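Colleague: Take a look at this one; I'll ask things after.
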Amino acid sequence: MKSLITVLCGLFVVGCAASTPEGTALSDGSISYTVTCEKDWSSCYGAARKICGGNNFEELDRMADATVMSGGQLAHRSTQDSGHENPVYTQVSREEAFRRVLTIRCTSD
């Protein structure tokens, strides 16, 4: 049991250390980072500032994807009213998933 706790603690420490994103070396010797977020651009910029330790960053590339999960549809329901069937249609809204990718380079100015 004691060895299991030791192993779990070790994995936790490794997991925390691995949460820092790995950068990609550029030809000029600087390092670029890729930030992926699903909310909005401000959440990407906040994550970029966090990666750069609160310092400024240069935006190298930006990409946004939108995927339609459901195109929306009319759903048929019927209700009984005094023995008569009343067809009722309700609209199911369409669902979209957004993914934003920001490639940055930390700057010292």
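Colleague: So, in nm, how far is label Ala25 from label Asp40 when the simple model puts each one 7 Å beyond its Cα toward the Cβ?
Modeller: 3.9
Colleague: Non-local amide H neighbours of Val35 (under 5 Å, H modeled in plane, Pro and chain starts lacking H): which ones?
Modeller: Those lying under 5 Å, H to H, from Val35 are Leu102, Thr103, Ile104.
Colleague: Once you have the Cα-Cα distance between Val101 and Ala64, take 0.36 nm times their residue separation minus that, and quote the gain in nm to one decimal. Walk me through the intermediate numbers first.
Modeller: Numbers: separation 37, 0.36 × 37 = 13.32 nm, distance 0.63 nm.
Here the answer is 12.7 nm.
Colleague: While we're here: Within 10 Å, count the other beta carbons around each residue, average over each peptide in 53-66, 33-46, and list them highest first. Please list the in-between numbers first.
Modeller: On the way: 53-66: 11.4, 33-46: 14.7.
In decreasing order of mean packing, 53-66, 33-46 become 33-46, 53-66.
Colleague: Quick query: amide H of Phe57 versus all other amide H atoms, modeled in the peptide plane; which residues come in under 5 Å with a sequence gap of 5 or more or a different chain?
Modeller: The answer is Thr107.
Each reported figure results from applying straightforward, stated rules to the coordinates on display, with no laboratory input. What you see is a predicted model; the values in this text were computed from it and never measured. Every residue, glycine among them, receives a Cβ derived from its backbone with ideal geometry; neighbour counts consider all protein chains shown.
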